[in-house]
1. Can you tell me which of 163-173, 326-336 comes out highest on packing, and rank the rest after it, using the mean Cβ neighbours within 10 Å?
2. How many angstrom lie between the C-alpha centres of the stretch 17-50 and the stretch 181-213?
3. Express in whole angstrom the spacing between the alpha-carbon centres of the stretch 218-295 and the stretch 109-152.
4. Which whole-number value in Å³ per residue fits the convex hull of the alpha carbons of the stretch 91-151?
5. Rounded, prolate or oblate: which fits the stretch 106-265 when a ≥ b ≥ c are the square roots of the eigenvalues of the alpha-carbon gyration tensor, with rounded for a/c under 1.5 and prolate only if a/b beats b/c?
6. How much length is gained if the chain between residue 379 and residue 250 is pulled fully straight, taking 0.36 nm per residue apart and subtracting their Cα-Cα distance, in nm to one decimal?
7. Ordered by packing density, taken as the mean number of other Cβ atoms within 10 Å over each peptide's residues, highest first, how do 31-44, 133-146 rank?
8. For a test of the definition: using alpha carbon positions, the gyration tensor, and the 1.5 limit on a/c, classify the stretch 173-301 as rounded, prolate or oblate.
C-alpha cells in the first residue's frame, strides 16, 4: 500500500534526524565564550526589563528578529542555554528540509534528497554551530537556502521574502545577493520582485518599533556591526591569511571591499550578458560559488561566515557529483577554524587574529575550493542544454509524479514544469547541440 511504502521510506530518515538531534544533545551543556559574553547577557537584560518591552533599548548588536526569539524564551520555563540551542537546532532541521527540496529537483523519486539532508545535518560545522556553540547561523542560512529553492521553483516574490528574512536575521545573507543580481540580469526574476527583500526586512522591524525602539537604531544596526571589527580576518580561512601580520588594515580593508565588489560584479555581468540560459544546476552552482567567493574575498570575516557555502557546496555536489571534494575542502578548513575558536590552543599568540602558518594552510584549502567551484560553474555554462525549459535540465527531471505513487482518488501535484510556466514534457520541443528543433513525443 502507498502509506506503507511511505512509512518504510520515512523510517530511515526519521532515525537519521533523531541521531542528528542526539549528537547535539550530547554537547547541549557546553557554554561558549560567545554565549557567556553576548547571548546570555542579552537574555538577562530582556528578562529583567519586561520581556518584549526591553526591545525599546539598545543592548545588543544583533538585529531585532533574533531578539524576538530571545524575548519569547524569557516567557517559557526553559533554561536560557537550552532554549537558545533548541532554536538553532530547530532551524538546522528547516535548513535540511530545503536542502532536500533542492536536491529533489534533480533526483526526485530517489533517496539522494534524503541523503543530502542527512549529510547537511551531520556536517561538523552545522552540528557544532547549533548544538555546541549556540550560534544563530542556521536561522539566516535556512531562509537563504529556502530563497534559493523558491528561485529554482520560479516563485520570485516568495524567494524575495525568504532572502529578506535571511537578511533580517543576519547581514551575512548578502553573500547570496550577487546571485539575485545575476538572476535579474538574466530575466529569471523580474527586478520588481527584489522589492520583497527590503519590504520583509522593514516588516520584521515593526514589533520593535511598536514597543518604542528608535528607528535610527534599527536602521543602523548593520552599520555598527561592520565598524565593530577592524582586523583583516577574524579567524576566517580567507585570502587575508596570506598577508603579513603587520599589514595596514586601514588601507587594505577598503581596497579589499572594492576588489571583492569588482570581481563579483564582473562575474554577475558575465552571466547576465552571456547568451546561455539558466538551468537548475547552473543556478545551484552560482549560488554555491557566490556564497563561497564573497566571504573569501571580503576582509574582517569571522570563521563562521562560510556557513551557507558549507551547505550549498554539498547541494552542488549532489547536482554535480564530480565536485564531491569541494564540500570536503570547505568543511575541513571551516571545522579546524571552528576548533581554534571553541577550543583555543594553549599559549599566547603574537597578536589577536594574526595570520599563522596553520590558518594559511586552511586558507589554501578554501582557495582551492573556490577555484574549483568557479571553474566547474564556467564549465557548466559551456555544457549544451538539450531542452526548452530553462528551469530543469532534462525531461526526466520535469516528468510529473508517477501515478503509482499517488493514492487512489488523490490528485497528483502538478509537475515543477507546469508550476514554473514551462511547456509540459509531453508537448515541449527539444533543442539539440546544434540548435535544431525536434517535436517532442
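1. In descending order of packing, they fall as 163-173, 326-336.
2. Computed from Cα coordinates, the inter-centre distance equals 30 Å.
3. 22 Å
4. Cα convex hull per residue, to the nearest whole number: 61 Å³.
5. On the way: a/c = 1.42, a/b = 1.18, b/c = 1.21.
Here the stretch 106-265 falls in the rounded category.
6. So the extension gain works out to 42.7 nm.
7. Working: 31-44: 15.6, 133-146: 26.1.
Result, highest mean Cβ count within 10 Å first: 133-146, 31-44.
8. Cα axes put the stretch 173-301 in the oblate bin.
Rule-based calculations on the coordinates, nothing more; no lab input. Here the structure is a predicted model, which means the values were calculated and not measured. Cβ atoms come from the backbone with ideal geometry, glycine included; neighbour counts cover every protein chain shown.
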